[in-house]
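Note sheet for the following structure.
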Amino acid sequence: MPDQLTPLPLDWRRALAVVAHPDDLEYGASGAVAEWTEAGKEVTYVLVTRGEAGIDGVEPVESARIRTAEQVASAAAVGVGTVEFLDHRDGVIEPGPGLRADLAAAVRRHRPELLLTLNHHDTWGGRSWNTPDHRVVGRAVLDAVGDAGNRWIFPEQLADGGLEPWGGVRWVAVAASPHPTHAQPLSQRALDRGIASLAEHRAYITGLGDHEPLGYARELLTGAAEADAPRFGGRRCATFEVYPS
């Protein structure tokens, strides 16, 4: 039998989800977000880019406009009302102090107990290579835990921006990781809301090929939730690799 998955901790009130692109959260994490918001938890989204390089047949300025609107609608479908964009360049997000400062500021501003991000590993499992933006942002999110809590890192945010250090992050949960450790069980209602959330990315999904967005989202997310059920007592779930802080 494969290793069994542990239930994701739920003794928290605020989560901050930080990913590179519009649609990143919807490929696996949106059903879990629906469960959390329905339970009264507060979840905020921060997108490092607006996804302007994500649709081959659409110019970047128009793509950014479309994908920003799709992401806001997608978040609303799972009960998330606050979506922020950091406006780094899609496809060429640069690692380093600039990105780290932006993420530390977001953590200090929103003061989450749970940080959520997307797979930062080199691959999705096996030899399926991950993208530079996902790797860079995921690793920076892990670094942001320490940065946000240390008043001597990016101290100008405290002096000039009115922020305070935040050392209250207890876990970082990495969605779509090839090395999951934990899972969030999904009710049919939460799964349906997660499917609706992914389907809001109509222009992006259509740009991938001959896909009807709702059918595409239903097949993909239902299949993923059921594939991991044998490792979670037979329950459909969303999986995460969890790093305690």
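Within the shell defined by Cβ-Cβ distances under 10 Å, the residues around ALA183 carry a net charge of +2, with Lys and Arg each +1 and Asp and Glu each -1.
Looking at the chain, the DSSP beta bridges with both ends there are about 35 percent antiparallel. For the chain, modelled as a GNM whose springs connect Cα atoms under 10 angstrom apart, the maximal fluctuation among GLU35, GLU26, GLU84 occurs at GLU84. According to the square roots a ≥ b ≥ c of the eigenvalues of the Cα gyration tensor, what is the shape class of region 51-194, taking rounded for a/c under 1.5, prolate for a/b larger than b/c otherwise, and oblate for the remainder? Since a/c stays below 1.5, the shape of region 51-194 is classed as rounded.
Summarising the label geometry, the points placed 7 Å from Cα in the beta-carbon direction at ARG170 and GLU94 lie 3.8 nm from one another. Inter-label distance, GLU156 to GLN188: 5.5 nm, where each label sits 7 Å from its Cα along the C-beta direction. Summing Lys and Arg as +1 and Asp and Glu as -1 over all other residues whose Cβ lies under 11 Å from the Cβ of SER197 gives a net charge of -4.
Here the gap between VAL61 and ARG14, fully extended at 0.36 nm per residue and compared with their Cα-Cα distance, gives a gain of 13.6 nm.
Structure remark: mean-square fluctuation, Gaussian network model of the chain, C-alpha springs under 10 Å; the largest value among VAL172, VAL92, VAL141 belongs to VAL92.
Share of carbon and sulfur in the accessible area of region 156-245 stands at 52%, probe radius 1.4 Å.
Restriction of the trypsin sites (Lys or Arg not before Pro) in region 9-77 to DSSP coil positions whose beta-carbon has at most 14 other beta-carbons within 10 angstrom yields ARG13. Remark: region 3-99 carries 42 Å² of accessible area per residue (probe radius 1.4 Å; ligands, DNA and RNA excluded). For the chain, hydrophobic long helices are taken as DSSP H runs at least 18 Å long by C-alpha position along their axis with mean Kyte-Doolittle hydropathy of -0.5 or more; these are 60-77, 97-110, 132-149, 213-227.
Mean separation of Cα pairs under 8 Å and 6 or more residues apart, divided by the residue count, gives region 178-222 a relative contact order of 37 percent. Of the trypsin sites (Lys or Arg not before Pro) in region 72-160, the ones in a loop by DSSP (not H, G, I, E or B) with at most 15 other beta carbons within 10 Å are ARG89, ARG127, ARG151.
When the chain is modelled as a GNM with alpha-carbon springs shorter than 10 Å, which of VAL78, VAL58, VAL136 fluctuates the most? Of VAL78, VAL58, VAL136, the Gaussian network model singles out VAL58 as fluctuating most. For region 66-187, the relative contact order is 30 percent, taking Cα pairs closer than 8 Å that sit 6 or more residues apart in sequence and dividing their mean separation by the residue count.
The values are calculated or read from the model by the stated rules, or taken from the named source; none is laboratory data. For clarity, every value in this text was computed on a predicted model and none was experimentally measured. Methodologically, a virtual Cβ is constructed for each residue, glycine included, from the backbone with ideal geometry; neighbour enumeration extends over all protein chains shown. Surface accessibility is based on the protein's heavy atoms, side chains included, excluding ligands, DNA and RNA. Shrake-Rupley method; radii C 1.70, N 1.55, O 1.52, S 1.80 Å.
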